[in-house]
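Any read-out appearing in this document is the output of simple, stated calculations on the displayed coordinates, not a laboratory observation. Computed from a prediction, not measured in an experiment: that's the story for all the values here. Counting neighbours? That spans all protein chains shown, and the Cβs are built from the backbone with ideal geometry, glycine included.
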Amino acid sequence: MKHYTGILLHDHETALYHFGTDHAECNVHIIRYLRKNTEETGNAWSGEMSALLCEMNRERKELLGQGFPSFPPAILREYEEKYFSLIRKGEAENKTTRHKYAKKEEKTLLNRMDKYSHNHLLFLHDFSVPFDDNISERDLRKAKNRQKMAGGFRKESGSEMYCSIMTVIETLKKRKMGIIENIKMLFMGTPAIF
C-alpha cells in the first residue's frame, strides 16, 4: 500500500487516507446511511440526497455510454450546488430532530458528507472512478464464503493457493477471456493475462 499511487475507493476507512494519491468513498454505503436516517428521523433531506446521488449516477452512466470522460463544468456546478444545499437543509432539519441518538447520528452523517464531499463526488469529476465498491466486495465474498465453509482454510498455504487461483480466474472473467484455454496456457508456461 505504501507504493500505491492511484485512487483508493473505500467505505470511509480513515486508515487508508495515508495511502494513494486520491480517495473516493462508496456511495451505496452513504445511501444506506441516508435511508436509515430518513427512517429514524423522518427528515426529508436524506431522502432527497439519496435521490440526487442516484440521479447523478444514472446521468453519469448515460454520458459514459456516449463516450464522455466527465460531466460538463456547468452540470458539475449544478450538481454540487444541489448537494451542498441539501446538506444545509439537513443541518436546519437536524436542529428540530427530537430523538437524541438519531440527532447525533444525523449530525455525524452531515459532517461527514460535508467534510468528505470531494470523495463522495469524485465519480462525477472522473468517470474512471466507480460510484461504489460493490465489485471488490463481491470478489472478496467468494474467499470469505470459502473461509466459512466446514474445513475452511486449515493452513495459510491453502488460503494463499486459493487466492492465487481465484485471482487468475477473476482476472480472466473481467477481461472476458476464455478461462479453460488460458489456464491450459498457464500450465504450459505461456500466461496470456500478464
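Using every Cα-Cα pair within region 32-87, state what percent have a distance larger than 15 Å. Before the final figure, lay out each step's value.
Values: 834 of 1540 pairs.
Everything past 15 Å amounts to 54 percent.
Packing, as the average of other Cβ atoms within 10 Å across residues, places the peptides 104-111, 78-85, 27-34 in the order 27-34, 104-111, 78-85, highest first. Over 18 Å apart at the Cα level, from the set Lys36/Lys100; Lys36/Lys107; Lys61/Lys173; Lys36/Lys82; Lys82/Lys103; Lys82/Lys115, are Lys61/Lys173; Lys36/Lys82; Lys82/Lys103.
Using the Karplus relation 6.51 cos²θ - 1.76 cosθ + 1.60 with θ = phi - 60°, the per-residue 3J(HN,Hα) values for region 166-183 come to 5, 4, 5, 4, 5, 5, 4, 4, 5, 8, 6, 10, x, 6, 4, 4, 6, 5 Hz, with x marking Gly and Pro.
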